[in-house]
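A.B. asks: Pasting a structure below so you can have a look.
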Amino acid sequence: MLQTAKAMMPDKLISVITPTYNRANYLLKSIDSVLNQSPQIIEHLVVDDGSTDDTSSLAKTIADPRFRYIRKPHSGAPATRNAGIEAAHGRYILWLDSDDELKPGILEHYIHEITQFAEVDIFYGDLEMVDETGKKSVLAFQNYYQKTDLLSHLIRGTIIPNPGTLVRKSLYSKHGLYDLRFRRAHDFEFWSRALADASIKHCGVNCCRYRWHRENMSSGNTDLSFEAGVVKLLCSRHPPQRLFPELDWDDSVAEVKAWEKVAGLLESCHDFDNALVALDYANRYIPQTLSSLVCNSIKRRLREGSSRINQKAAANKLESELSITLIPATTDYAATG
């Protein structure tokens, strides 16, 4: 079956793109994990973001015709990924960081998936995580194949890994390249655009060995402004009915509840200013037709939320690298008079 599928596929079906910056000590293992696999209808691009270590000299030792090395001035991760997309010849792009390794056989598995599920735009799998001591664990992801409520899951956190994930290249033409403002979580921001209409599927296997470094680990001082930025962008692009379909939208206070949820998400990202803005939107959507008892109960709940958030804001003076203002997709507050 696989031989027949290969015969039907054009040259350069898959471009494996490895962005790298000063990871020479891991790079050759990453490259070997690609080139040691059997499919010839792939290419492997290593895009060097101006490394100052031995990356360039190591890459130049690779003689495999499927391999290309591109060096560019240092400009950050999203710009480096964009350079790889623009240089890629494949119809699909498989992302592989320079300290990670593809699992054996995953390229053939992906080719089989492409032939069986031609309508799918993004294929992904689980990650085999390896920490600095060599301890292994599995980071598992749910299968959202044929799900239509992807954005309602995504607003609560990314649902697709970046390492080892296969993306139809035309999605970047349709939805745009990576947002340069997102030094971190640029994949999450791209998913927030692409998953508005893309089809995704879990491939059912571990696709990548993901190296977990100490700097990957979160701490109480982590700047979550990038995650908060994705929440705010989703709110600016889509009505709350699409982001929170679990609410009863025949209920007159559904809009209030939706903005309370947004406030909670932004609060969890330490974006306290915009969490308060979300509560203000919730307050504006309180219907005038409610009884005074119900109306006062909602307003009391919103005041308590504002007080809690203000207390947290006073106690947490974290600097935010990314600043995006919360602007809803609709600004019709006719319900409030």
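The values are calculated or read from the model by the stated rules, or taken from the named source; none is laboratory data. Just so it is clear, the structure is predicted and the values come from calculations on it, not from any experiment. With ideal geometry, Cβ positions are generated from the backbone for all residues, glycine too; neighbour counts draw on all protein chains shown.
A.B. asks: Filtering the range 254-293 down to residues that are without any contact (Cβ under 8 Å) to a residue 40 or more places away in the chain and of a type in the set (A, V, I, L, M), which residue is surrounded by the most Cβ atoms within 10 Å (Cβ to Cβ)?
C.D. replies: A275
A.B. asks: Separate question: Got a sec? Which of I70, I41, I93, I62 is farther than 22 Å from K29 by Cβ and not hydroxyl-bearing (S, T, Y)?
C.D. replies: I41
A.B. asks: Now, a different point. I need every pair where a residue in the range 14-28 that is assigned to a loop (DSSP other than H, G, I, E, B) has its Cβ under 8 Å from the Cβ of a residue that is of a type in the set (A, V, I, L, M, F, W, C), sequence separation at least 6 or different chains.
C.D. replies: Between residues of the range 14-28 that are assigned to a loop (DSSP other than H, G, I, E, B) and residues that are of a type in the set (A, V, I, L, M, F, W, C), the close pairs are Y21/A77.
A.B. asks: Which condition number in (1) surrounded by 22 or more Cβ atoms within 10 Å (Cβ to Cβ); (2) in contact (Cβ under 8 Å) with a residue 24 or more places away in the chain; (3) on the phi < 0 side of the Ramachandran plot is the one that Y178 fails?
C.D. replies: It fails just one condition, (1).
A.B. asks: Does at least one position in the range 47-59 carry a residue that is assigned by TED's automatic domain parsing to the domain that holds N162, in a strand (DSSP E or B) and in contact (Cβ under 8 Å) with a residue 24 or more places away in the chain?
C.D. replies: Yes, the range 47-59 contains at least one residue that is assigned by TED's automatic domain parsing to the domain that holds N162, in a strand (DSSP E or B) and in contact (Cβ under 8 Å) with a residue 24 or more places away in the chain.
A.B. asks: Additional query: Tell me yes or no: at least one residue of the range 60-73 is among the hydrophobic types (A, V, I, L, M, F, W, C), out of contact with any helix residue (DSSP H, G or I) (no Cβ under 7 Å at 6 or more places or on another chain) and touching a residue at least 24 places away in the same chain (Cβ under 8 Å).
C.D. replies: Among the residues of the range 60-73, not one is among the hydrophobic types (A, V, I, L, M, F, W, C), out of contact with any helix residue (DSSP H, G or I) (no Cβ under 7 Å at 6 or more places or on another chain) and touching a residue at least 24 places away in the same chain (Cβ under 8 Å), which makes the answer no.
A.B. asks: Go through R156, R193, R209, R181 for me and flag whichever is part of a loop (DSSP other than H, G, I, E, B), modelled with pLDDT of 95 or more and under 24 Å from N82 (Cα atoms).
C.D. replies: Values: R156 fails: under 24 Å from N82 (Cα atoms); R193 fails: part of a loop (DSSP other than H, G, I, E, B); R209 fails: part of a loop (DSSP other than H, G, I, E, B).
Result: R181 is the single residue among R156, R193, R209, R181 that is part of a loop (DSSP other than H, G, I, E, B), modelled with pLDDT of 95 or more and under 24 Å from N82 (Cα atoms).
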